[in-house]
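Okay, so here's the structure we're looking at.
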Amino acid sequence: MFLELFPENGKYRGWIEVICGSMFSGKTEELIRRLKRVRFAEIELLLFQPVIDTRYDAEKIVSHNGSSFEAVQVNHSTDILEIWNNERVVAIDESQFFDNDLIEVARVLASKGVRVICAGLDMDFLGQPYGPMPSLMATAEYVTKVHAICVSCGNLAQFSHRKSKEKEQLLLGAMGEYEPLCRVCYNKLQH
């Protein structure tokens, strides 16, 4: 199904995939799963992460489960185009931390026949669209929304509730700072 060859010109068809959801929903785990399949098929790939994400490892993305995959850290989304060397798959983890140029970077790569996979939070802790994610989802051919389990009631969770009183949008953290909540439980804490 993926990477079908156009017989008339020998070029691969490119597209954009987005994996989104709240914290602890398995976004990075799903990204790693897809990349392992790409590697098994011996397709050249590049994985990027923002330099700002210093939680686990500078040379790997690491899921909360402990799964990992080697990655290249970049400061700006345009650095991706400078590093790309005709790999057929380009993946970007923590896409919400990048600037809005990531949308054009993804479009350029897809137009060159690259399968582009972006993973990231779709909403911040206030429940607002986060960074370039809304536009990436709008322009992507495939969007996968994954869900965590609400730690309060056990329903599907799509909100990343921040436990601390910090107000800035960017606050890196894990289970100590955030918890996944469903809409009802999230709204109870917001009022």
Quick check on this structure: which one of VAL151, VAL114, VAL146 is of a type in the set (Val, Ile, Thr) and farther than 21 Å from MET23 by Cα? VAL114
Tell me the residue from ALA110, ALA41, ALA91, ALA119 that is of a type outside the set (D, E, K, R), at pLDDT 95 or above and surrounded by fewer than 16 Cβ atoms within 10 Å (Cβ to Cβ), please. ALA41
Please identify the pairs in which a residue from the stretch 75-88 that is within 16 Å of LEU45 (Cα to Cα) has its Cβ atom under 7 Å from the Cβ atom of a residue that is assigned to a loop (DSSP other than H, G, I, E, B) and modelled with pLDDT of 95 or more, counting only partners at least 6 apart or on another chain. GLU87/GLU44; ARG88/ILE43; ARG88/GLU44; ARG88/VAL114
Just one listed residue, out of THR28, THR54, is within 23 Å of ILE103 (Cβ to Cβ), among the β-branched types (Val, Ile, Thr) and modelled with pLDDT under 95, and it is THR28
Name the residue that is farthest from GLU42 (Cα to Cα), counting only residues in the stretch 89-136 that are of a type in the set (Val, Ile, Thr) and in contact with a Ser or Thr (Cβ under 6 Å, 6 or more places away or on another chain). ILE103
Say whether the condition of being surrounded by 22 or more Cβ atoms within 10 Å (Cβ to Cβ), more than 20 Å from SER160 (Cα to Cα), modelled with pLDDT under 95 and not aromatic (Phe, Trp, Tyr) is met by at least one residue in the stretch 13-22. no
Could you grab the pairs with beta carbons closer than 6 Å, sequence gap of 6+ or different chains, first residue in the stretch 127-145 and without any contact (Cβ under 8 Å) to a residue 60 or more places away in the chain, second one assigned to a helix (DSSP H, G or I)? TYR130/GLN96; GLY131/GLN96; PRO132/LEU102; PRO132/ILE103; SER135/ILE103
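The values are calculated or read from the model by the stated rules, or taken from the named source; none is laboratory data. Keep in mind that what you see is a predicted model, and the values were worked out from it rather than measured. A quick note on method: Cβ atoms are made from the backbone with ideal geometry, for glycine too, and the neighbour counts reach across all protein chains shown.
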